[in-house]
Every structure is written in C-alpha cells, then in structure tokens.
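Participant: Before I ask anything, here is the structure I am working with.
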Amino acid sequence: MANRLKMAIVTSILTLHKRGWSQRKIARELGVSRTTVRRYLAGNGPDPNCTTNPPPGSEVPSNCTTNPPPGSGSGPASSCRPFREVIEVKLAGGLSGVRIWQDLVAEHGFGGSYDSVKRYVRRLRGTRPLPFRRMECEPGQEAQIDFGTGPPIVPSEGRRRRTHVFRIVLSHSRKGYSENLFRQTTDEFLTALENALWYFGGVPKTLVVDNLKAAVKNPDWFDPELNPKVQSFCEHYGTVMLPTKPYTPRHKGKIERGIAYVQDNALKGRRFGTLAAANAHLLAWETGVADTRIHGTTRKQVGKVFEEIEAAALGPLPAGRFPSFREAQRSVHRDGHVEVAKAYYSVPPEYVGRRVWARWDGHLVRVFNQQMAVIAVHVQQEAGRTSTHNDHIHSRKFSKVERGAQWLLREAAMIGSDAARWGKAMLEFRGVSGLRVLVGLRALTGRYAAEEIDRACEVALSHEMYRLRPIRELLKRGVDTGREQSEFAFLAEHEIIRDMESYGDVVRRAMQEPLNEARQTSGQEGAARDDPRDVDGVVAKASAQWVGGNTGRSLAGGGREPAGPCGVPGADRPGRVAGATAAADRTADEAGGVPGCQESGGLRLLVQPVGAAEGHLRPGDLPIHSPGPGCASDRPAGDGQESSCPGAGAPGDQERLDGAVPIDLRPGA
C-alpha cells in the first residue's frame, strides 16, 4: 500500500499548486517526491475536504475516497483486476479463494498465482470497522465494578501478602470507591460492595460486573446465572446486577480505566504493613485526589457533580445491612435431611436425592431450592443434633400409634358407637399398651363391615373382654354378630351308605349273644383253651373268670383277699372300679339289652373294637385284652407294653384275647 501523507502536507501541495508553483518546486520545498506531488494533484490522493472519520450513520461524500479500490495507487496493478466483476460474483456466491482461483484458471485462462487471487479477495472483502459507540448514563442509573492487583502487604514479621483492589465507579459522575482485599470470595466481594453503597449513601439501579466467579455462577450473555447469595444481596438493596458479555471488557470501559487510574495514581510504588492501613490510604485518596480532579471526558470536577446531581438520584438504602451468613449447596439424604455444620435438618420429602442451597448464620438455618425459594427454616442445632419438622415427614411414614389416643378413638367412633365405647373402656383398663389394640381394631375394617365390628365390640364389652383376640374370633365365627353362619348339607341317603338302624342291629347282636352264652357257662372251670377268634368262647371265658362267684385271692399264710365290688380283686382301689361301674352301667343301658352289674354279681361287658377301646380309655383304665401274643397288659391304656398276668384259674385271671373284643371297666368320655 502506498504511503499516505499527513493532511497538512497534502493541503500544502494543493495550495502551492494553486499559487502556480511547479511540481518540482513543491517537491523540493515540502521534501516529497515529484511522483507523490503528481499523484495528489491528479486526484488519486485523498480529498483534503473529505472527513476521514465521519460521524456514525452519516453519508460519505462522493468525492471522498475512504477505501481505495484494490489495485489503485502506486505500484503495479494486480493481475486479478481485469477479472474483478467475475471475482465479486463468485464471492457473492460463497465460493472460497481456492475455488475462485481454480475457476479463473479453467474458465478464463488466468495465469496468475493463487496468492495473487488470495490478496485480491482479501482487499475486496475488507471493510472498514465501525467506530465504538459511547454510552453515557443518567444520574443514579449505573455503576461499574471490577478488580485489579492491589499493593503488597508486608507486616512486621516480614511475610509478604498480595492483595486485590476492588473499585466501583458511578457512570454519570465518575465518583468512585476503592478497597483492598486479600481474596476475591463471594463474602469479601459483597462486603466491599456493601461498604461502597453505604459510602455513596444510596443505591444505583444497575450494577455492571464482569464474569468474576465471586458473583457469576454460569456466564451467559443472554441468560447469566448469578451466585444465589449475590442475588439475595441485590434483592436486599433493590438493585440489579448485569454481567457483561464474556471477554468483552469494553462493555464496562469506565471502570477499566478506573482500575488503571487507582493503580497508577494511588497505589503504585507503595506498600503497607496492614490491610487496614492500605484501605485508610485509599479512602483519603478518594476524598483528596480522585474527587477533586477534573475528569478528562466530562470536563467537570467529579466530587462536585456527584454532590450536586447524582447523590440525590441514587436509590434509598435499606433499614439494615445485608445479613451475614454462610452458604453452600447440599444433597438431601435418603432420610429427608441435609447436613449443615455437622448437624442435620429436615426438608420436604419431594426433595430427597436433589441438590438444595443451605444458609446459616449461627442462629437460623434456611434451606432453598434451585429457584431460591425457601423450603425449610430451622433453629441452628449443635453438632450431631437433628431438627425435624413434622410436616416434612410423609404421611405414610407416621405410625398410627404416633397419632395419639384421641385420633385412634375418633377412628373407632367412625366404626360405631359400641366400638368407641369398647375402645375407651379398653384404654382405661390397659393404659398405653391399648393404643396398639386400637390400631388392630381399625385394621379389621379392611376385612369386615363396620356393623359386624361394632356388634362384636358390643359383645366383648358386655363380657368385659378387653383383648383383640375375642373380637377376631367373634368376627371369624360370626357368633351373635348378625352374620349368617355357613351351613353344610349332609347327605340323607346314598347307595353305598347304610342307615344307622342297620349298624345298631349289628352292634346289639354282637354284644348280646356272647353275653348270654357267658352267663350259661360262667360256673364251669378247666375248660379247654378257646380259639382266639371265637368270640363266644372268649366272652364265656371272661365271664367265668370275672362274673363267677369268686371270693377273693388266696393270701400267703392262709385266708383270702376280700372281693371287691362286682367280684374283681383289688377293684376297691381308688380310681379303678368304683366310679367306672356307674359309667359302664350308663353306657351299657344306652346301648340297650345288656344285663346290668349287680352289687356282688357280674360286670356289664362293653364290646367294641380293639383300636377304638384303646383310643377311648383314660389313664388308669384297665383294658382286658392283649394286643399281641402273651398275656393282656396290666398297664394303663396307651402304654403299648405287655406284662405278665395272674395264673390261670385265679379270680381276675384272663386268657390271651388276640383279636377279640375288649372288655373295659370304664368307658372313655
């Protein structure tokens, strides 16, 4: 690109040419070449009457050359210039420089290099950048905030610490406030910002910050997400924080220069022993230097503009400062609690497994959802303690006992009046343990109708039964509850079942015939051993041994044992015959037709199957049969053992009765 002359020299060339000076003389006097003079006189140079930087939006005069066409000026013309229209059409079609060069070679026989086309395309694409637009604000409308490197702090012990300088500037008056900080945390940032607002005596409508981590959680030009604590701070002071576009510092140009100003004028070359000393110096500098200067843009004194115009336009301060608290995100545990400072606090059950925000200040713990709506407030507890609100417990996690006696009694009253009276009486009788009984009574409503339960409670109350089991039994059986009992129909007749009369005849015959024969042969002695399967012989043998006129067993040394009732030796022992005889008489009489036992005569003989006899005998009964080879058992029924019998022919003796009907002294109940 050709060198451009300053406008003063260009104007001198034109003026001297108008006065009649030759090009050689003008070049010699101004110290430029004759070629340059010739070019500017020919009109190829810039027009001195053309504004080089026209106002935004204004039309450029036709005689102004703000952007000379590619290939104009000194130097050889571009080889692409003859194909300018073709290149412009292809650029409008979105073709790349390589494609344009290929098409020029193939279609138009272009002989130049790709670099020539590339340079020419760049010139055609080149546009003049638009000037920046200055943004001036109304009083009290805006304040811009930024951080910079602060002075070092070197205490007496010699350990050097770096600092950060916080600065805020009101956009209208350029009134500022500065403070040194050790860290750029959210808490320290809000503390410095709050000090600035109270220093100004009011609050601007908007606060413009860059995307520092202390203030902005997720940078986004269209929808930035602020730190929840910063958002609460803005709500407390009635202002709005607007982060700038990422990596665009010109959006807060006033504070960008303000940081450089405080660093160069107030802090450069200084060091302090304490942070408080550094902040005291900055406060004095703001009052004595920054406020008294004439600002380079406004051309007015900063402090005076603030006092006269902007101070009154600021918003009012709140009644108190922003409460100091700590803040952190927490996950809700499976038990519906979050951990804060080693203590546990409940939240509503729908937040289990989700992330929430917690704030605590030593007095209260407040829990917020992601929209920063309060979902729980607790009094802060000591480490290891738990705070649980009842409304944070799911209704299905409350046991019925926890609801109390009054609630359970109201539930019982909903079943019926008798159920309520029974429940109240039961609680008075059983105390606290009766609460679970009421829970069980309520659970019965899932299986039975309320009327049935109420009637069962009435019956239980009338008998003073204060346990749940009798009520369950009444409901199960349907006794006196108005519940219809289940009835089973029995078959009256069936082709393979005989009637009861047939069985009765068989039993009477089986019992009567052996007894009749036994009476006829009861006095005979020394009869041959009968066939065990001969019922008549068995009964006769038994009658001979029992019913015969025996007078007792011979005793050692002479004499005989007195006979007991019905002629059975030893039958007078307690529990053997005395009570059995009457029971046997009743059983025999009910069977019908069997001779009764006399005071000193024979016994009634009950004939029944062997297995049934053993099943009906009670402990102490004497079965007169033998379950197997050998003698009959002398032991109580059910022993299943055998023992020796008295010798044959002695009173009370018996023979082996294999498979015979047993003869019992007392029937079972």
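The values are calculated or read from the model by the stated rules, or taken from the named source; none is laboratory data. Given the structure is predicted, the values throughout are model-derived calculations rather than measurements. Here the Cβ positions follow ideal geometry from the backbone for every residue, glycine too, while neighbour counts run over all protein chains shown.
Participant: Just one of (1) assigned to a loop (DSSP other than H, G, I, E, B); (2) under 30 Å from Arg134 (Cβ atoms); (3) of a type in the set (A, V, I, L, M, F, W, C); (4) at pLDDT 70 or above trips up Val32, so point out which.
Facilitator: Val32 satisfies every listed condition except (2).
Participant: Consider Gly94 carefully, then state whether it is out of contact with any His (no Cβ under 9 Å at 6 or more places or on another chain), at positive phi, assigned by TED's automatic domain parsing to the domain that holds Gly176 and free of Cβ contacts under 8 Å to residues at least 24 places away in the same chain.
Facilitator: No, not satisfied.
Participant: So, one more: Pairs please, first residue from the stretch 4-26 and free of Cβ contacts under 8 Å to residues at least 12 places away in the same chain, second anywhere and surrounded by 12 or more Cβ atoms within 10 Å (Cβ to Cβ) and of a type outside the set (Ser, Thr, Tyr), Cβ atoms under 8 Å, 6+ apart in sequence or on different chains.
Facilitator: Close Cβ pairs satisfying both conditions: Trp21/Glu29; Arg24/Arg34; Lys25/Leu16.
Participant: For residues in the stretch 195-213 being surrounded by fewer than 19 Cβ atoms within 10 Å (Cβ to Cβ) and not hydroxyl-bearing (Ser, Thr, Tyr), which is nearest to the chain's Cα centre (by Cα)?
Facilitator: Ranking the qualifying residues of the stretch 195-213, first place goes to Lys213.
Participant: Give the residue that is nearest to the chain's Cα centre (by Cα), with candidates limited to residues of the stretch 146-183 that are among the small types (Gly, Ala, Ser) and under 23 Å from Phe200 (Cβ atoms).
Facilitator: This residue is Gly148.
Participant: To continue, here is another question. Going by the structure shown, is Ala266 assigned by TED's automatic domain parsing to the domain that holds Phe147, among the small types (Gly, Ala, Ser) and closer than 25 Å to Ala214 by Cβ?
Facilitator: yes
Participant: Let me ask you something else. Of all residues in the stretch 340-359, which are surrounded by 13 or more Cβ atoms within 10 Å (Cβ to Cβ) and assigned to a strand (DSSP E or B)?
Facilitator: Val340, Ala343, Tyr344, Tyr345, Ser346, Val356, Trp357, Ala358, Arg359
Participant: Let me spell it out: the conditions are (1) modelled with pLDDT of 95 or more; (2) not in a strand (DSSP E or B), and Gly158 meets all of them except one. Which number is the exception?
Facilitator: Looking at each condition in turn, Gly158 falls short on (1).
Participant: Can you pull out every residue in the stretch 455-482 that is at pLDDT below 75 and over 13 Å from Leu444 (Cβ atoms)?
Facilitator: Val479, Asp480, Gly482
Participant: Moving to a separate point now. For the stretch 257-270, give me the residue count where each residue is of a type outside the set (A, V, I, L, M) and surrounded by fewer than 17 Cβ atoms within 10 Å (Cβ to Cβ).
Facilitator: Summing the residues that are of a type outside the set (A, V, I, L, M) and surrounded by fewer than 17 Cβ atoms within 10 Å (Cβ to Cβ) in the stretch 257-270 gives 6.
Participant: Let me ask you something else. Any idea which of Gly273, Gly238 is surrounded by fewer than 17 Cβ atoms within 10 Å (Cβ to Cβ), over 22 Å from Leu181 (Cα atoms) and not basic (Lys, Arg)?
Facilitator: None of the others qualify; the one that does is Gly238.
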